[in-house]
Amino acid sequence: MICGGMLRRISIGLVALLVAVVAGFTSIIAFDAPTAPSVLAAGNSVPGIAQWNFADLPRMQSLKARDGAPLNYRLYPGRPHHAVVLVHGSSATDASMLKLAQALQAAGASVYAIDLRGHGGSGTTNGDVSYIGQLDDDLADLVKGAGLDKPGMHRTLIGFSSGGGFALRIAGGRRAGLFNDYIAISPYVGQDSPTNRPGSGGWAGVAVPRIIALSLLNSIGLPWFQDLPAVHFATDAKPSDRRTPVYSFRLVASLELGRDWRGVLARITAPTEIVVGADDQLFVSDQFKPMLQSVNPRIGVTIVPGETHLGMIADPPAMAAIVAAWRKLSGD
């Protein structure tokens, strides 16, 4: 029989253990901020961008998300029933997708190049969202608000880099029905994916202990401190309508496939293509095909010879491969 004194001692011990655990979590969350890596040209500078004519950018348009925040986009008009929603990569805006948007437009697509919430003036705070999964809801609001849900509309979601990972997230998630098909360009799949180089090739400084602690809290229904920085990209750009160098935990979690990235990929049933450069510096291009063969062989993979990570949204051969993938999926 356990006496009252022993019960009190056990209770005190359990409380002390809980306090120690909470104190440890709090310390990790409070002090483990992401470190800014040295500037990495492979992720920071689009080849030839200094010669681009940004006067070619269509005017910025905006619609309201369900919370009233602005969602910004530019429309490159083409055939009205062939819509492409084009998503930029990490730290960037729709302007970085100018050349690819023009290539898709020339092929006949009506291209909606968007600024994800937390980028380019979309949302309310640079580098942050209000809750995990808000980007999914924003995409649904964009499809409805821009009239892309009309009967007979063929919709393709195309994303680059972290935007490519976001496209795969949508394709394998609760919003999969928003689009007829998907293209992921040089996508980030997961931290432990064989396609990922350590630190994404030096592009991302990640606060791993903070992310683990916040993930554990979130898994038990405690969405605390999720606005704290979790990733700092290898750029010296400051937060602005043109760049987003730091992501909060909940923005990162809203973009990624998550720890169950294999399950997300396995659930993709819509026609989906991955297009990646053979010389990608952030991801291991020759691992995409074998990885997908074991997870979801329905997803096609095209390796573009001689292309780098950012070259995929700037170089004509890379853009031609992406346009070819779109034509294949859209039946054009």
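In region 225-243, the residues that are within 20 Å of Val46 (Cβ to Cβ) and in contact (Cβ under 8 Å) with a residue 60 or more places away in the chain form Cβ pairs under 8 Å with partners that are basic (Lys, Arg) and assigned to a loop (DSSP other than H, G, I, E, B), at six or more places apart or across chains, as follows: Thr235/Arg243; Ala237/Arg243. Does Ser91 satisfy the criteria of being within 14 Å of the chain's Cα centre (by Cα), polar (S, T, N, Q), at pLDDT 95 or above and part of a loop (DSSP other than H, G, I, E, B)? Here the answer is yes, as Ser91 does meet what is asked. Evaluation of Ser248 against the conditions (1) out of contact with any helix residue (DSSP H, G or I) (no Cβ under 7 Å at 6 or more places or on another chain); (2) surrounded by fewer than 21 Cβ atoms within 10 Å (Cβ to Cβ) shows that the sole unmet condition is (2).
Just so you know, in region 167-185 the residues that are within 11 Å of the chain's Cα centre (by Cα) and small (Gly, Ala, Ser) include one that is nearest to Val323 (Cα to Cα), and it is Ala184.
Each row is one residue, and each column tells you yes or no for (1) buried (at least 17 other Cβ atoms within 10 Å of the Cβ); (2) touching a helix residue (DSSP H, G or I) at 6+ places or on another chain (Cβ under 9 Å).
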| site | (1), (2) |
| --- | --- |
| Ser122 | yes, yes |
| Asp137 | yes, no |
| Lys144 | no, no |
| Gly147 | no, no |
| Ser162 | yes, yes |
| Arg169 | yes, yes |
| Asn180 | no, yes |
| Tyr188 | yes, yes |
| Pro198 | no, no |
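Please determine whether any residue of region 276-286 is closer than 28 Å to Ile211 by Cα, at pLDDT 95 or above, aliphatic (A, V, I, L, M) and surrounded by fewer than 22 Cβ atoms within 10 Å (Cβ to Cβ). Checking region 276-286: at least one residue is closer than 28 Å to Ile211 by Cα, at pLDDT 95 or above, aliphatic (A, V, I, L, M) and surrounded by fewer than 22 Cβ atoms within 10 Å (Cβ to Cβ). Restricting region 50-70 to residues that are more than 22 Å from the chain's Cα centre (by Cα) and of a type in the set (A, V, I, L, M), the residue that is surrounded by the most Cβ atoms within 10 Å (Cβ to Cβ) is Leu57.
For Asp128, are the conditions met, namely being outside any loop (DSSP other than H, G, I, E, B) and not polar (S, T, N, Q)? Against the criterion (outside any loop (DSSP other than H, G, I, E, B) and not polar (S, T, N, Q)), Asp128 does not qualify.
All conditions in (1) modelled with pLDDT of 95 or more; (2) not in a helix (DSSP H, G or I) hold for Ala167, with the sole exception of (2). Do we find that Ala253 is among the small types (Gly, Ala, Ser), in contact with a strand residue (DSSP E or B) (Cβ under 7 Å, 6 or more places away or on another chain) and outside any loop (DSSP other than H, G, I, E, B) in this structure? So Ala253 does not fit the description; no. Anything in region 147-163 that is among the polar types (S, T, N, Q) and in a loop (DSSP other than H, G, I, E, B)? List them, or say none. Within region 147-163, Ser161 is the sole residue that qualifies. Taken together, the residues in region 287-332 that are over 21 Å from Ala106 (Cα atoms), crowded, with 18+ Cβ neighbours inside 10 Å and small (Gly, Ala, Ser) amount to 0. Residue check: Asp260 meets all listed conditions (1) free of Cβ contacts under 8 Å to residues at least 60 places away in the same chain; (2) touching a strand residue (DSSP E or B) at 6+ places or on another chain (Cβ under 8 Å) but one, namely (2). For region 186-206, filtering for residues that are of a type in the set (A, V, I, L, M) and part of a loop (DSSP other than H, G, I, E, B) leaves 1. Among the numbered conditions (1) outside any loop (DSSP other than H, G, I, E, B); (2) within 17 Å of Ser62 (Cα to Cα), the only one that Gly121 does not meet is (1).
Of the residues that sit in region 302-332 and are of a type outside the set (Val, Ile, Thr) and not in a helix (DSSP H, G or I), which one is nearest to Asn180 (Cα to Cα)? Full working, then the answer.
As a first pass, look at region 302-332 and keep what is of a type outside the set (Val, Ile, Thr): 305-307, 309-312, 314-321, 324-332.
Adding the requirement that they be not in a helix (DSSP H, G or I) leaves 305-307, 309, 314-315, 331-332.
Details: Pro305: 28, Gly306: 30, Glu307: 28, His309: 26, Ala314: 26, Asp315: 27, Gly331: 11, Asp332: 14 Å.
Filtering first and then ranking leaves Gly331.
Take the conditions modelled with pLDDT of 95 or more and surrounded by 21 or more Cβ atoms within 10 Å (Cβ to Cβ) and apply them to Ser240. Does it pass? Here the answer is no, as Ser240 does not meet what is asked.
The values are calculated or read from the model by the stated rules, or taken from the named source; none is laboratory data. Predicted, not measured: the structure shown is a model, and the values here were computed from it. Ideal geometry is used to build each Cβ from the backbone, glycine not excepted, and the neighbour counts take in all protein chains shown.
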